[in-house]
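The next block holds one structure in the form of structure tokens; read it before the comments.
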Amino acid sequence: MIPVTPAGELPLDEFKKLLSPRTKLVAVNHASNSLGTINPIREMIHLAHGRGAVVLIDGAQAAAHLEIDVQDLDCDFYCISAHKMYGPTGVGILYGKKEILERMPPYMGGGEMIKNVTFEKTIYNDLPYKFEAGTPNIADVIAFKEAIGFIQEIGKEVIGAYEHDLSQHATKRLSALPWVKLIGTSAQKVSLQSFIIEGIHPFDIGQMLDARGIAVRTGHHCTQPLMDAFGIEGTVRASFAIYNTKEEIDQLAEGVDRIIKFMK
């Protein structure tokens with residue numbers, strides 16, 4: 001387990017100490033779904049490869065925001081999810097280096113993943129079919145293509161600049177409120193802000209914001225060990241995208257302010 005700093009960053013010096021000849025696989029997210037922190041994956045991949053480890057990058061939170069070049073990163077695996085890119089649920093992409101995928105056995109059997117089957121032996125199909133058993137999720141893959149096209153049409157540079165502006169505005173508005181503590185304050189972040197109001201449970205905050213038509217996520221965000229590291233039960237997480245506005249962030253801040261005045 002890689003430790004985390006109070007700002008929500010992964011310290012490379014501590015990461016380096018954890019690597020050893022026993023390290024076989026390093027799995028780390030490109031951007032944190034709980035904190036928004038963009039991790040230094042290029043350096044981490046280089047360090048891990050230096051100890052002979054394979055590296056898997058979870059890019060679900062990064063794919064809609066950051067330019068991704070797997071060859072430049074030199075990662076061994078990179079996975080993304082369609083529904084984090086304005087696409088459908090239940091479908092995504094797993095990139096893997098060809099030489100590693102060729103050595104790996106298939107994890108699922110079905111149509112199209114074999115070349116020949118006899119009672120004596122089975123010959124598996126070439127990549128990528130070896131790992132795509134049975135009838136694929138055809139409709140959602142087609143929809144995913146349209147979602148990717150939507151992002152490319154706007155351009156990630158444009159999206160990134162707009163979202164950064166929204167995030168800066170949210171940080172300014174929320175940090176100015178009494179009793180509010182921002183969780184995850186790295187300078188390098190994707191467009192989300194997690195926070196708590198001291199003495200008020202995140203679920204209660206979420207319900208009261210929902211009553212005002214403001215959608216946030218509350219809880220541990222599937223990262224309970226990370227919440228434990230910060231000594232909290234969970235957070236309220238507001239995520240900002242190309243369709244959001246500063247006026248909506250102002251409504252969020254006003255809603256949080258009303259909750260504080262009501263509950264405190």
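Among Asp210, Asp58, Asp126, which one shows the biggest mean-square fluctuation in a GNM of the chain, springs joining Cα atoms closer than 10 Å?
Maximum among the listed residues: Asp126.
Report the charge-dipole magnitude of the range 1-110 in Debye, nearest 20, computed about the Cα centre from +1 at each Lys and Arg Cβ and -1 at each Asp and Glu Cβ.
Roughly 380 debye for the range 1-110.
Given the -39500 (n - 2.57) contribution per DSSP H run of 4+ residues, what per-residue ellipticity at 222 nm results for the chain, rounded to the nearest 500 deg cm²/dmol?
Helix contribution divided over all residues of the chain: -11500 deg cm²/dmol.
Against the 2.2 N^0.38 Å scaling, with N counting residues, where does the range 161-264 land? I'd like the Cα-based Rg ratio to two decimal places.
1.00
At 1.4 Å probe size, with the rest of the protein present, what percent of the exposed accessible area of the chain is carbon and sulfur atoms?
The C+S portion of the solvent-accessible surface of the chain is 54 percent.
Considering only DSSP beta bridges where both residues belong to the chain, give the percentage that are antiparallel (nearest 5).
75 percent
Return the single residue from Gly111, Gly184, Gly59 with maximal mean-square fluctuation; model: Gaussian network over the chain, springs between Cα atoms under 10 Å.
Sorting by GNM fluctuation, first place goes to Gly111.
Fully extended, how many nm does the chain gain between Met108 and Asp257 (0.36 nm per residue separation, minus their Cα-Cα distance)?
So the extension gain works out to 48.5 nm.
Using R₀ = 22 Å, calculate the FRET efficiency as 1/(1 + (r/R₀)^6) where r is the Cβ-Cβ separation of His201 and Glu247; round to 0.05.
Rounded to the nearest 0.05, the efficiency is 0.20.
Heavy-atom accessible area per residue, the range 7-87, 1.4 Å probe: how many Å²?
46 Å²
Can you tell me which of Glu153, Glu248, Glu233 moves the most in a GNM of the chain? Springs connect C-alpha atoms under 10 Å apart.
In this elastic network of the chain, the residue with the biggest mean-square fluctuation among Glu153, Glu248, Glu233 is Glu153.
Using θ = phi - 60° and the Karplus relation 6.51 cos²θ - 1.76 cosθ + 1.60, list the HN-Hα couplings for the range 13-21 in order, rounded to whole Hz, with x at every Gly or Pro.
5, 6, 4, 4, 5, 7, 6, 8, x
Label the range 1-115 by shape, choosing from rounded, prolate and oblate, from the square roots a ≥ b ≥ c of the eigenvalues of the Cα gyration tensor; if a/c is under 1.5 it is rounded, and otherwise prolate applies when a/b is larger than b/c, oblate when it is not.
Verdict is oblate for the range 1-115.
How many angstrom separate the Cα center of the range 134-178 from the Cα center of the range 1-73?
Spelled out, the Cα-based centre of one part sits 21 Å from the other.
How big is the dipole moment of the chain about its Cα centre under a simple scheme where the beta carbon of each Lys and Arg is +1, that of each Asp and Glu is -1, and everything else is neutral? Debye, nearest 20, please.
Around 540 debye, computed over the chain.
If the chain between Lys97 and Ile2 were fully stretched, how many nm would it gain, using 0.36 nm times the residue separation less the Cα-Cα distance?
In short, 31.7 nm is gained.
The values are calculated or read from the model by the stated rules, or taken from the named source; none is laboratory data. A quick note: this is a predicted structure, and the numbers were derived from the prediction, not measured. Backbone-built Cβ (ideal geometry, glycine too); neighbour counts: all protein chains shown. The accessibility values were calculated without ligands, DNA or RNA, using every heavy atom of the protein model including side chains. Shrake-Rupley method; radii C 1.70, N 1.55, O 1.52, S 1.80 Å.
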